[in-house]
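*Asks:* Structure in structure tokens, see below.
The values are calculated or read from the model by the stated rules, or taken from the named source; none is laboratory data. Worth saying up front: this structure is predicted, and the values here are computed from it rather than measured. Neighbour counts are summed over all protein chains in view; Cβ atoms, including those assigned to glycine, are modelled from backbone coordinates with ideal geometry. In case anyone asks, the SASA skips ligands and DNA or RNA and just uses the protein heavy atoms, side chains included. Shrake-Rupley method; radii C 1.70, N 1.55, O 1.52, S 1.80 Å.
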Amino acid sequence: YAMTIRQNKPEASVVVVDLVLPIGSIAPIVGYEGDVDLVSVAELPLTETTGEYFHNHLPEMELWEFQLLPGATDPDRANNLTVTRIPEIIQALQSAYDYVVVDFGRSLSRISLPIIQKADLLVLTVSTDQSTITLTKKVWDYLHEQGIESQNVFAILNRAVGLEGLTKTEAEEIIGLPIQTVIPYMGSNFTLANNLNQPIITKYPEDTTSIILKDTTNNMINLADKLRSK
């Protein structure tokens, strides 16, 4: 989704932050193997982590059309993360970039919740199996209790294993949220693109999923901009 933001808005600056702990998941997908990561940035003094620093030092993933703040490379390194610096880093990034995309993976913690509460838009990706959707219902109920409104949630049903599982309507009834998009099963194309460190929408631009991803991102941008302007 972060890549297609730039395709929809070429003039926009986009940064992706990998807050999946204890091991970041984005760097291996996009092919980044450098030394800059969340832990090293959090070790810097507050005065150094400015917008200029991020624009000059975060890796530019050219194929993906965004800059990346990678997550920790292993659990031992994640143990050294200065957690108290994370809100300050996110705030600095928000001041420096037009769009800040934060990946939390499946975590919901004291680290992620304050960031979620301040986000313009929360993208909630849901699987089609009964157990996952039931858990998603519990997560949504909790987030709603913490002040997250349904208008700030963009729910996506991801058919990662084919046509098996619940339908969009069934999932909506259980979770209590409208689902804006259904991502169809991609077969081996998704895995192959990841193995090649290539974006799915450039590796298979005519694939139905690629077209849906582009349309979905456009809808997310419009909604996020609308919510941000309120």
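*Asks:* May I ask you to list pairs of residues, at least six apart or on different chains, whose Cβ atoms are under 9 Å apart, with the first in segment 81-92 being in a helix (DSSP H, G or I) and the second being polar (S, T, N, Q) and open to solvent by 20 Å² or more (accessible area, probe 1.4 Å)?
*Replies:* Cβ pairs passing all conditions: Ala92/Thr50.
*Asks:* Restricting attention to segment 75-95, does a residue exist that is closer than 30 Å to Pro184 by Cβ, modelled with pLDDT of 90 or more, buried (at least 17 other Cβ atoms within 10 Å of the Cβ) and of a type in the set (A, V, I, L, M)?
*Replies:* Let us first name the residues in segment 75-95 that are closer than 30 Å to Pro184 by Cβ, namely none.
Within segment 75-95, not a single residue is closer than 30 Å to Pro184 by Cβ, modelled with pLDDT of 90 or more, buried (at least 17 other Cβ atoms within 10 Å of the Cβ) and of a type in the set (A, V, I, L, M).
*Asks:* Sticking with this one: List the helices (runs of 4 or more DSSP H) that sit entirely inside segment 1-67 and contain at least 1 residues that are of a type in the set (Val, Ile, Thr), touching a helix residue (DSSP H, G or I) at 6+ places or on another chain (Cβ under 6 Å) and on the phi < 0 side of the Ramachandran plot.
*Replies:* Details: elements: 2-8, 26-30, 38-42, 51-57.
The qualifying helices (runs of 4 or more DSSP H) are 2-8, 26-30, 38-42.
*Asks:* Right, next: For segment 159-199, enumerate the residues that are hydroxyl-bearing (Ser, Thr, Tyr) and open to solvent by 40 Å² or more (accessible area, probe 1.4 Å). Step through it out loud before you land on a result.
*Replies:* Pass one, segment 159-199, residues hydroxyl-bearing (Ser, Thr, Tyr): 167, 169, 181, 185, 188, 191.
Thr167, Thr169, Tyr185, Ser188, Thr191 - these are the residues of segment 159-199 that are hydroxyl-bearing (Ser, Thr, Tyr) and open to solvent by 40 Å² or more (accessible area, probe 1.4 Å).
*Asks:* Quick one: is Ala155 small (Gly, Ala, Ser), under 17 Å from Thr217 (Cβ atoms) and touching a strand residue (DSSP E or B) at 6+ places or on another chain (Cβ under 7 Å)? Reasoning before the result, please.
*Replies:* Numbers: small (Gly, Ala, Ser): yes; under 17 Å from Thr217 (Cβ atoms): yes; touching a strand residue (DSSP E or B) at 6+ places or on another chain (Cβ under 7 Å): yes.
Judged against the criteria, Ala155 is a match.
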